[in-house]
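The values are calculated or read from the model by the stated rules, or taken from the named source; none is laboratory data. Please read these numbers as outputs of a predicted model, since none were measured by experiment. Because the Cβ atoms are built from the backbone with ideal geometry, glycine has one as well, and the counts that use them run over all protein chains shown. SASA here: full protein model, heavy atoms, side chains in, ligands and nucleic acids out. Shrake-Rupley method; radii C 1.70, N 1.55, O 1.52, S 1.80 Å.
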Amino acid sequence: MSEVKLAAAVRTEFGKGAARAIRRNAQVPAVVYGHGSEPAHVTLPAHDLALALRTPNVLLSLDIDGKNELAIPKAVQRDAIKGFLVHVDLLLVKRGEKVTVEVVVETEGDLAPGSFLVENVLNTLSVETEATHIPTSVTVSIAGLEAGNSILAKDVALPAGTTLVTDPDAVVIQILAAQAEEPAAEAEATEGAEA
């Protein structure tokens, strides 16, 4: 996982009015906390931050008043209608430190021939991993599976150095038989007979 470098400016004004002014200047208000230190209130460049947040669990290298800090996104608030960044909470991390994060589950392969559906019971898994080696996703093979098959959290292959936090017996993926729809002509005949 690569680091994304961002310049962070310390902010001294707080409240809705100050936050709106920050966003008008193409910046995003953020709070950086962790390791027992006082929370640092900063602003980050909106465009660069939005690009960085496209990568799940991105590692940010922040330059705060000449001091370099590593952080990962903990909470991201977006405008409900327009989708722009409103506020971000960042958690300080250190190289070699273990963190617990949510990792996206992706599927690959084709199901067995027939009418089957894939149900993603869990879209993410909670894992513990080194802060500088957070996987962006984990991949599960559904090749050849049919109705009644399921994949549990403990069956998902994790990268080296990553351990599962989610309940090992939690169902991640299950395969269902597709329900056949009643033909339209038969449905109309049935409705006519009932009337």
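Here are the numbers for the structure shown:
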{"item": "Hz values of 3J(HN,Hα) by residue in the range 74-81 - Karplus curve (6.51, -1.76, 1.60), Gly and Pro given as x", "result": "10, 8, 10, 9, 10, 5, 5, 9"}
{"item": "Share of carbon and sulfur in the accessible heavy-atom surface of the chain [1.4 Å probe, %]", "result": "50 percent"}
{"item": "Choice from LYS74, LYS154, LYS82 with maximal GNM fluctuation in the chain (Cα, 10 Å cutoff)", "result": "LYS82"}
{"item": "Length-normalised contact order for the chain - Cα pairs under 8 Å, 6+ apart - percent", "result": "17 percent"}
{"item": "Share, in percent, of DSSP beta bridges within the range 1-90 that are antiparallel, nearest 5", "result": "70 percent"}
{"item": "Part-to-part distance (alpha-carbon centres) for the range 1-72 and the range 123-178, which is given in Å", "result": "31 Å"}
{"item": "Extension gain, ASP79 back to HIS133 (0.36 nm per residue minus Cα-Cα distance, nm)", "result": "16.4 nm"}
{"item": "Whole-Hz ³J(HN,Hα) from phi, Karplus 6.51 cos²θ - 1.76 cosθ + 1.60, for the range 59-65, glycine and proline x", "result": "9, 9, 9, 9, 9, 10, 6"}
{"item": "Helix-derived mean residue ellipticity, 222 nm - over the chain, DSSP H n ≥ 4, -39500 (n - 2.57), to 500", "result": "-4000 deg cm²/dmol"}
{"item": "Full-extension gain in nm, ASP110 to ARG95, via 0.36 nm per residue minus C-alpha separation", "result": "1.5 nm"}
{"item": "Surface accessible to a 1.4 Å probe, per residue, for the residues of the chain, Å²", "result": "59 Å²"}
{"item": "Angle between the chain longest axis and helix 184-194 axis [Cα atoms, degrees, rounded to 10]", "result": "70 degrees"}
{"item": "Translational diffusion of the chain, µm² s⁻¹ [Kirkwood Rh, Cα pairs; Stokes-Einstein; 25 °C; 0.890 mPa s]", "result": "123 µm²/s"}
{"item": "GNM flexibility winner over the chain from PRO113, PRO56, PRO135 (Cα, springs under 10 Å)", "result": "PRO113"}
{"item": "Student exercise, the range 1-49 dipole from Lys, Arg, Asp, Glu Cβ charges, in Debye to nearest 20", "result": "280 debye"}
{"item": "Percent antiparallel among DSSP beta bridges (both partners in the chain, rounded to 5)", "result": "70 percent"}
{"item": "The range 1-67: C-alpha gyration tensor shape, a/c 1.5 cut-off, then a/b vs b/c", "result": "oblate"}
